[in-house]
Amino acid sequence: MAETGQLQPAPKALPVPDEELVRRVQAGNNEAFEELVKRYERKVYNIAYRLMGNERDASEVLQDAFLRAYRFLPKFQFKSSFFTWLYRIATNVSLSKLRKREKVDVVSIDQPVNEAGDLPFEIPDVKYGPEKLMKQRELRAALQKAVDELAEDYRSVVVLRDLEGLSNEEVSKVLDLSVAAVKSRLHRGRLVLREKLASYL
């Protein structure tokens with residue numbers, strides 16, 4: 001029982017569901033769109049980076065994806081979740097840019113991807129010594145290079161399923177494929193990756 005005169009902390013407000021934010025955007029509320037950007041910009045950037053292989057292109061994809069989302073959100077019909085729809089846009093923008101490239105950039109072991117000098121998928125762990133950390137960096141750089149070299153059909157499935165953690169069903173919705181096609185491409189993509197990374201594994 002609370003003592004008299006003491007104020008109880010207000011209960012935390014539950015986050016507004018994506019669907020409600022979308023409806024607010026459709027009603028002309030730009031702040032609702034800013035909230036959607038905050039929720040998903042990191043995830044969209046991660047997908048773009050893993051598909052494109054470098055920061056510059058990933059940043060362009062991030063911008064283009066949200067511009068397209070803002071443009072077409074008034075026509076969003078709630079037939080899928082907002083994040084599935086947004087992932088589809090980000091994936092399509094990435095793949096479109098990849099097709100226009102004359103040459104695919106790859107990440108070398110020595111090429112830093114941010115100011116801190118971390119390599120893709122870097123997860124520092126203080127319990128590992130320098131040698132172990134170097135091997136992890138080499139493996140992660142090799143993984144990014146191997147993903148970059150995957151055929152487009154396999155790359156998008158592997159990135160969404162294995163690197164972003166979407167379910168087969170979610171990947172099928174994002175890429176507009178059957179679940180069976182997702183499983184087939186995932187299996188083949190994993191085989192190619194395993195072959196490319198055999199010396200590291």
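Any read-out appearing in this document is the output of simple, stated calculations on the displayed coordinates, not a laboratory observation. Here the structure is a predicted model, which is why all the values come from computation and not from measurement. Here Cβ is always computed from backbone atoms with ideal geometry, including for glycine, and neighbour counts include all displayed protein chains.
Give me the percent of Cα-Cα pairs in the stretch 33-96 that sit more than 14 Å apart, rounded to a whole number.
Details: 1023 of 2016 pairs.
Summing the P(r) of the stretch 33-96 above 14 Å gives 51 percent of all pairs.
Could you please report the charge total around Arg161, scoring K, R as +1 and D, E as -1 over all other residues with beta-carbon less than 12 angstrom from its beta-carbon?
Numbers: positive: Arg50, Arg155, Lys183, Arg185, Arg190; negative: Asp162, Glu164, Glu169, Glu170.
So the surrounding residues net to +1.
Output the peptides 61-74, 29-42 sorted from most to least packed, where packing is the average of other Cβ atoms within 10 Å over each peptide's residues. List each step's numbers first, then the result.
Numbers: 61-74: 17.1, 29-42: 14.6.
The densest-packed peptide leads the list: 61-74, 29-42.
Mind checking the full-extension length gain between Arg101 and Ala27? Use 0.36 nm per residue of separation minus the Cα-Cα distance, one decimal, nm. Before the final figure, lay out the partial values.
Numbers: separation 74, 0.36 × 74 = 26.64 nm, distance 3.82 nm.
That works out to 22.8 nm of additional length.
Can you give the local net charge around Ser199? Use residues other than it whose beta-carbon is closer than 14 angstrom to its beta-carbon, Lys and Arg +1, Asp and Glu -1.
Numbers: positive: Lys135, Lys145, Arg194, Lys196; negative: Glu138, Glu195.
Within the 14 Å Cβ shell, the charges total +2.
If packing is taken as the average count of other Cβ atoms within 10 Å, what order do 75-83, 46-54, 139-147 fall into, highest mean first?
Numbers: 75-83: 12.9, 46-54: 23.4, 139-147: 20.2.
The peptides rank, most packed first, as 46-54, 139-147, 75-83.
For the stretch 129-201, what log10 I(q)/I(0) values come out of the Debye formula at q = 0.21 1/Å, with one point per alpha carbon and no solvent?
Log10 of I(q)/I(0), two decimals: -0.85.
State, to one decimal in nm, how far the label point of His187 lies from the label point of Ser80, with both points 7 Å from Cα in the Cβ direction.
Simple spin-label model gives 2.4 nm for this pair.
Could you tally the net charge around Lys173, taking each other residue with its Cβ under 11 Å from the Cβ of Lys173, Lys/Arg +1 and Asp/Glu -1?
Values: positive: Lys79, Arg88; negative: Glu169, Glu170, Asp176.
Residues near Lys173 contribute -1 overall.
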